[in-house]
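Undergrad: Starting off with a structure, shown below.
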Amino acid sequence: MDDLYREQIIDRYKNPRYRGLLDPHDISYEDDNPLCGDHIRIDLRVDANNRITEAAFTGQGCSISQAAADLLIESIIGKDLEAVKALTKEDILDMLGIQLGPVRLKCALLSLKVVKAGVYGLEPGQAGDELVE
């Protein structure tokens with residue numbers, strides 16, 4: 001089963017479904033992982049009911065960070081902002097389907113940190129790891 005998830009990660013890394021910029025966008029946030037240099041930007045379009053209608057990401061980094069971003073974007077389209085705020089690191093780990101050590105965990109959680117910082121309306125540089133606990 002682990003191999004199936006590894007194949008999914010490689011596929012999402014090589015063929016992301018949600019890579020791009022949204023212009024205009026209602027919410028945008030970007031951050032990086034200083035431990036490894038991964039960088040993610042996420043743009044969201046939100047309707048009058050605070051539901052995400054479109055989302056996209058850009059960035060660079062390892063296969064884990066990029067695949068996690070793509071899977072996360074897919075999972076939040078159609079959700080309201082309160083549901084996004086409620087996402088946890090377990091949700092990301094379930095999407096990826098593999099065990100990760102502490103360093104790779106930071107890679108996997110970067111996109112969650114970025115999207116939550118954007119949804120909470122944080123200023124650049126304010127997002128902390130408490131967003132993904």
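Undergrad: Looking at the stretch 5-29 only, could you name the residues that are touching a residue at least 60 places away in the same chain (Cβ under 8 Å), assigned to a helix (DSSP H, G or I) and not charged (D, E, K, R)?
TA: Y5, Q8, I9
Undergrad: Pick from the stretch 1-59 the residues that are under 19 Å from Y120 (Cα atoms) and among the hydroxyl-bearing types (S, T, Y): which of them is surrounded by the fewest Cβ atoms within 10 Å (Cβ to Cβ)?
TA: Looking at the filtered set, the residue picked out is T53.
Undergrad: Return only the number of the condition from (1) among the acidic types (D, E); (2) more than 19 Å from Y13 (Cα to Cα); (3) modelled with pLDDT of 95 or more; (4) within 14 Å of the chain's Cα centre (by Cα) that D70 does not satisfy.
TA: (2)
Undergrad: Which condition number does T53 fail, the rest of (1) β-branched (V, I, T); (2) part of a helix (DSSP H, G or I); (3) out of contact with any helix residue (DSSP H, G or I) (no Cβ under 8 Å at 6 or more places or on another chain); (4) modelled with pLDDT of 95 or more being met?
TA: With respect to (1) β-branched (V, I, T); (2) part of a helix (DSSP H, G or I); (3) out of contact with any helix residue (DSSP H, G or I) (no Cβ under 8 Å at 6 or more places or on another chain); (4) modelled with pLDDT of 95 or more, T53 is out only on (2).
Undergrad: Does at least one position in the stretch 74-83 carry a residue that is surrounded by 17 or more Cβ atoms within 10 Å (Cβ to Cβ) and of a type in the set (D, E, K, R)?
TA: There is no residue in the stretch 74-83 that is surrounded by 17 or more Cβ atoms within 10 Å (Cβ to Cβ) and of a type in the set (D, E, K, R).
Undergrad: Just one of (1) more than 20 Å from A56 (Cβ to Cβ); (2) in a helix (DSSP H, G or I); (3) of a type outside the set (K, R); (4) without any contact (Cβ under 8 Å) to a residue 60 or more places away in the chain trips up E123, so point out which.
TA: If we test E123 against (1) more than 20 Å from A56 (Cβ to Cβ); (2) in a helix (DSSP H, G or I); (3) of a type outside the set (K, R); (4) without any contact (Cβ under 8 Å) to a residue 60 or more places away in the chain, just (2) comes out false.
Undergrad: While we're looking at this one, here's another question. So which residues in the stretch 30-50 are in contact with a strand residue (DSSP E or B) (Cβ under 9 Å, 6 or more places away or on another chain), touching a residue at least 24 places away in the same chain (Cβ under 8 Å) and either among the basic types (K, R) or outside any strand (DSSP E or B) (or both), if there are any at all?
TA: Answer for the stretch 30-50, where residues must be in contact with a strand residue (DSSP E or B) (Cβ under 9 Å, 6 or more places away or on another chain), touching a residue at least 24 places away in the same chain (Cβ under 8 Å) and either among the basic types (K, R) or outside any strand (DSSP E or B) (or both): N33, G37, D38, R41, N49, N50.
Undergrad: Kindly indicate whether L110 is assigned to a helix (DSSP H, G or I) and either within 21 Å of K14 (Cα to Cα) or small (G, A, S) (or both).
TA: Against the criterion (assigned to a helix (DSSP H, G or I) and either within 21 Å of K14 (Cα to Cα) or small (G, A, S) (or both)), L110 qualifies.
Undergrad: Which of (1) of a type in the set (V, I, T); (2) closer than 19 Å to G128 by Cα; (3) surrounded by 17 or more Cβ atoms within 10 Å (Cβ to Cβ) is the odd one out, the single condition I64 does not satisfy?
TA: (2)
The values are calculated or read from the model by the stated rules, or taken from the named source; none is laboratory data. Computed from a predicted structure; not experimentally measured. Counting neighbours? That spans all protein chains shown, and the Cβs are built from the backbone with ideal geometry, glycine included.
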